[in-house]
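Here's the structure, in structure tokens; my notes come after.
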Amino acid sequence: MATEIAFAKAFLAQLDSKPTKLAPDHVEDARGYPPTTPYTLPRLPSQPCLPPRKKSIPTGTENKKGGGTTTKKVVVKSARNPPLSISLGELDIKSTSVLDVKMKVAEEADVPVDKVKVLWNKKLVGDTKVIGDVVGEDEGEEVEFGVMILGGAGVLGTGGFGSRGKKGDGEGEGRGEKGGEGDGGKNVVAQGLAGEKVLDTEAFWEDLNGFLQQRVRDAGVAERVTGVFRGAWEGR
Amino acid sequence: MSTKIDRIIARLQKRIAEGAEGEQYEAQQETRLVAARYIKAENWPAAIDILANVSQALLRAGQGGSGGDLAVLLVDVYRQAGIKVDAASKGRLLACLRLFDSEEPTRKKFIKEMIEWSKKLGEYPAGDPELHHVVGSLYAEEHEAEEAERHLVLGTKESPEVLVRLEYKWYKQDEPHTAGLYAARAVLPYLLTGNVRAANASYRAFASTLSGENKSLSVQDVSSQASDVRIFPSLPLLNFLGLLLLAVQKGTPDLFRQLKTKYSSHIAELGGAWDMALEMIAEMYFGIPRPRQSNPLFDMMGSLFGGAPGGGAPSRPSRRVEAAPTAEGLD
């Protein structure tokens, strides 16, 4: 028993004497993985089986009797740039994904889907989660998500939804294009400027803040960092 | 055009929601016919629209066979049309996936086709990480441990947490001294994909759940100037993993050999279950050539990190996992 600790102590001392070659958070680029099934460990004959568990209620079978539907009223809000408040109505929190929410917001606000970020408790949430995974089931009758439009008000009207029917499909041209034929004045200005003047525009700081929120995954911290950058730049 | 297809979809959805079983089967057949027309005309958006919507309506109504059939056809259309892997195209498939009953036989085929599509038309030859994460999480929830492992190992930053929760649950079915066995089921495969971060995250999560749930379990933090490790005197294999993760960062062969010698009797008790994984790790991280033999699995792992397939040649440096000065992408 004690030898475990003695060995570990001696081993760590050796480790200290060697240079570090690989960071503890090193990740190979998954784009380089071979197209095969990854290696996983074989199961030992002595390993028991996990008791099989059928999904309690397969999502969406609410039509069957007894299956409880879990719908909640979903509202998305953005405090500023542009201020938004969109009610998405009653949604099934077990089958509506965050991506679905994004698509609805994109449609309502007429912006490209990839410019929409959804926040819960000031943190970004990933596309593939369903609402229920994010908020839990007991969160009251109504769910309110934060939402952020990258690029701010400048991208409004560039979603390609505008005059088109509600039923635009995901691959429709225009939706994925950046900036493009946006008619917002800011957009034009941002494209016309170069060099230091870019940093005088509100749009630049909004973009930076958007990037930081995405990278840091914490709206509060991102806001602080943006403030520090901006303060340092303007006070230079 | 789009209003016409909208009308067809709305009518079919209504029939499925209200209809008896025969009606629903007919709705499926009609959808196949309509979709075939659009496919022939290469009107992909319309074909995708009707297949996605009717498939989901059928799955929602508990018609797994019919709905699954159309969902598989939907993936087929994606491939024919060359639809790229993006948020919208994935979202549509995941919406279908979530509606499947876990017992539905067509679900497995759908998952397989979906992953194959993401290999062919996305940037990840092993399949899209987000799709792997969702599929793996689904299997984990259903206690399909080994299926879950195969997907979560190729998943996202969030996958280790799901995988460890599953392994821990599995561990609780087994004897208390087998903790290392279950932690290894996450740690070693992650090391083998070159994902040191996920391997570390898995180890930490497993060890802290273990000590959190077993207050009486003896544990001691051992530290030197630069490193820390939590040692469980009664769980040598778990300690082996903790020390291995530290040694991987240094990458010198003597460290690996010491560890293997020290824990050889415990590893031998596993009847060879870890041997292959450890040989591959020895080569990838410590430059120790694996025993000479041509083995298709080794060749496959060899090609993982840029080495030419064919295997056998000792210590090919390009095969090693090394730090590269690449900035982490936005994710």
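The values are calculated or read from the model by the stated rules, or taken from the named source; none is laboratory data. Treat the numbers as computed from the prediction; the structure is a model and nothing was measured. Heads up: the accessible areas ignore ligands, DNA and RNA and are worked out on the full protein's heavy atoms, side chains in. Shrake-Rupley method; radii C 1.70, N 1.55, O 1.52, S 1.80 Å.
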Legend entry - Euclidean distance of C-alpha centroids, the range B:174-212 and the range B:116-158, integer Å: 18 Å
Inset, instruction - Determine the order of B:30, B:142 by accessible area, beginning with the largest, at a probe radius of 1.4 Å. - result: B:30, B:142
Inset, instruction - Keeping all protein chains in place, calculate the accessible area per residue for the range B:224-281 (probe 1.4 angstrom), answer in Å². - result: 36 Å²
Inset, instruction - Sort B:266, B:151 from largest to smallest accessible area, using a 1.4 Å probe on the heavy atoms of the protein chains. - result: B:266, B:151
Legend entry - Violating pairs (Cα-Cα greater than 21 angstrom) within the set A:72/B:108; A:72/A:102; A:102/A:197; A:115/B:120: A:72/B:108; A:102/A:197; A:115/B:120
Inset, instruction - Estimate for me the total accessible surface buried between chains B and A (protein heavy atoms, probe 1.4 Å, no ligands or nucleic acids), in Å² to the nearest 100. - result: 8200 Å²
Legend entry - Accessible surface, 1.4 Å probe, highest first, among residues B:110, A:229: A:229, B:110
Inset, instruction - Determine the calculated [θ] at 222 nm for chain B from helices alone, applying -39500 (n - 2.57) to every DSSP H run no shorter than 4 residues and normalising by the residue count; nearest 500 deg cm²/dmol. - result: -21000 deg cm²/dmol
Inset, instruction - Calculate the radius of gyration of the Cα atoms of chain B to one decimal place, then report Dmax, the largest Cα-Cα distance, as a whole number, both in Å. - result: 24.3, 73
Legend entry - Whole-Å distance, taken between Cα centres, linking the range A:197-225 and the range B:231-277: 45 Å
Legend entry - Computed accessible area, residue A:144, all protein chains, 1.4 angstrom probe, square angstrom: 100 Å²
Inset, instruction - Only Cα pairs under 8 Å and at least 6 apart count here; give the relative contact order of chain B as a rounded whole percent. - result: 8 percent
Inset, instruction - With a ≥ b ≥ c taken as the square roots of the eigenvalues of the C-alpha gyration tensor of the range B:1-123, please select rounded if a/c is under 1.5 and otherwise prolate if a/b is larger than b/c or oblate if it is not? - result: oblate
Legend entry - Surface accessible to a 1.4 Å probe, per residue, for the residues of the range B:1-123, Å²: 44 Å²
Inset, instruction - Using only protein heavy atoms and a 1.4 Å probe, report how much of residue B:143 is accessible, in Å² to the nearest 10. - result: 30 Å²
Legend entry - Carbon/sulfur fraction of accessible area - the range B:1-123, other protein chains in place, 1.4 Å, %: 51 percent
Legend entry - Average Cα contact separation per residue, the range B:1-123, under 8 Å, 6 or more apart, as relative contact order %: 23 percent
Inset, instruction - Express in Å², to the nearest 10, the accessible area of residue B:66 obtained by rolling a 1.4 Å probe over the protein heavy atoms while all chains stay in place. - result: 20 Å²
